[in-house]
Amino acid sequence: MPEDLETGGQPQLRRGVSKTGRMAEFGTADEEVERICKHERNYYFVLHVKKDTPKADIKANYYKISRLVHPDKCSHPKAGDAAAVLNQAWDTLNNPIKKRAYDAYVDDINVDAPEGQTYAEWEASNATQQIQLPRWVQAILRLPGGVIILALILLPLTLILLALMLALMIICIPIQLVCNCLGCAPQPPPQGATATDAGADDATRASGGLTQEEMMAEMAARNAEARKAAGKPPAQQAPMSA
C-alpha cells in the first residue's frame, strides 16, 4: 500500500486535504467534486480518513461531503459522479467485510495511478480466480494419451459414486415411508410461504447471513490473501471498456 494513501499521493496538499478524520477540513463544493473525481479509486482519500479512523468519524465526513456534492445542491456537471463515488466509498469502508477486501485491493494496486484496475474489476478477478488442477492430474495430462489414462482412472470412481448414491436412495425410501406412517415426516411450509422464500432462507443460512456483495468481497479478500501468502503476483484483468 502506498505510504501516502490517505493524501492521494500529493506531496503538496491544499487546504482540507492534510487533515483526516474528525479534524478534516473541506473545500468548496466544486473543489470537493474535482477532488473526488480525480481520486475516485482511493476511498480513504475520498472520505478524508485513514485505515484506523473510527466509524463515527467516517460517517460524519460522509454526511459533510454529501451535503457539498449532492447534485441537488451542487451545480458542478460532475456532481452526480462524485456523489456516486462517495456513496460507494462509504458503503465499502463502513462494512468490515468489504473494507477487508478493499484493503487487499490497495495492497495490490496503486489507487492513485491514472490508469489501472478499478476496485470492482479487481474484486471480480480475485473472486473468480481459475481453479488449479491437482498436481497428479497435471502430471497425467502431460503424458502421451493422458486424457485417456485419466478417463480410465475416473470412470471406476464415477461408477462407485453412482452405486453408493443408488444404495442410499434404496435405504432412504423405506425410512421415509415409515416416517410418513408414524407422522414424524417434516412438516410442509406454512400456508402462504413460497418455494422462493424457502430457497432464500436456505441461501441465507448457507452463506452465514452474508449478502451477495459481501460474499464476493469475502472470496476476493481470501483469494488475495492466499495468493499473497504463496508469493504469487496479483491477479490481473483488462480494464472494462466504457
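Model label sites at residue 78 and residue 155, defined 7 Å from Cα along the beta-carbon direction, differ in position by 6.3 nm. Residues 179, 184, 74, arranged from fewest to most other Cβ atoms within 10 angstrom of their Cβ, appear as 184, 179, 74.
On full extension of the chain, what length is gained from residue 19 through residue 164, given 0.36 nm per residue of separation minus the C-alpha to C-alpha distance?
On the way: separation 145, 0.36 × 145 = 52.20 nm, distance 6.55 nm.
Computed gain between residue 19 and residue 164 is 45.7 nm.
From most to least packed by mean Cβ count within 10 Å, the peptides 102-110, 115-123 give 102-110, 115-123. Our estimate of slack between residue 63 and residue 219, defined as 0.36 nm per intervening residue step minus the Cα-Cα distance, is 53.2 nm.
Per-peptide packing, taken as the mean over residues of other Cβ atoms within 10 Å, places 75-83, 42-50, 29-37 in the sequence 42-50, 29-37, 75-83 from highest down. Taking R0 as 30 Å, what FRET efficiency do you get between residue 175 and residue 210 from their Cβ-Cβ distance, rounded to the nearest 0.05? Given R0 = 30 Å and the Cβ-Cβ separation, E is 0.30. Charging the Cβ of each Asp and Glu at -1 and of each Lys and Arg at +1, and nothing else, the dipole of the stretch 47-90 about its Cα centre rounds to 120 debye.
We did not get these values from a lab; they are worked out from the coordinates using the rules stated. This one's a predicted model, so the numbers in the text were calculated from it and none came from an experiment. So basically every Cβ, Gly included, is an ideal-geometry build from the backbone, and we count neighbours across all protein chains shown.
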